[in-house]
Each structure stands twice: as structure tokens, then as C-alpha cells.
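Scroll down for the structure; my scribbles are underneath it.
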Amino acid sequence: MLYGLMAYFDSAERLLEALRVLKGRGYRHLEALTPNPVEGIEEVLGGDGRIPWIAFGLV
């Protein structure tokens, strides 16, 4: 079963707090879209922040 949730946060700290809570509750497939870089989001989501090379070939 597929499901999703969208939320709006008024600060980067609240976004990071919500992501940490969700990770603690066992959610594994999380994404965060922000207009500006957020310090520490890679550690919470588990990525390194690099753009894959394939993305440059799609432009």
C-alpha cells in the first residue's frame, strides 16, 4: 500500500526535529524539499548531498 504525507514547516529546526521523530518511529523513505540548503539534513536523511552524474545528462 502506498501512502504519503506533506507538511509545511516555518523553520529549518522544526523540519529537522520532525524528520528525527519520524526516523525514530521507523519510517525509512523520507524526503525533504527546501528552497534553501538546510544544515544537518544529510545526517538525518542519510544522504551525502551530492547530485548524481546522470542528472547532468538529463538537462
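Observations on the model:
- Only one of the listed residues (Leu15, Leu19, Leu30) is in contact with a Leu (Cβ under 7 Å, 6 or more places away or on another chain), part of a helix (DSSP H, G or I) and surrounded by 10 or more Cβ atoms within 10 Å (Cβ to Cβ). That residue is Leu19.
- Scan region 37-47 for residues that are open to solvent by 50 Å² or more (accessible area, probe 1.4 Å) and in contact (Cβ under 8 Å) with a residue 24 or more places away in the chain and the total you get is 2.
- Any hit, region 2-9, residues being modelled with pLDDT under 90, under 11 Å from the mean Cα position of the chain (by Cα), in a loop (DSSP other than H, G, I, E, B) and on the phi < 0 side of the Ramachandran plot: no
The values are calculated or read from the model by the stated rules, or taken from the named source; none is laboratory data. These numbers were taken from a predicted model, which means no experiment stands behind them. We place every Cβ from the backbone using ideal geometry, glycine too, and count neighbours over all the protein chains shown. We work out accessible area using only protein heavy atoms, side chains counted, and drop any ligands, DNA or RNA first. Shrake-Rupley method; radii C 1.70, N 1.55, O 1.52, S 1.80 Å.
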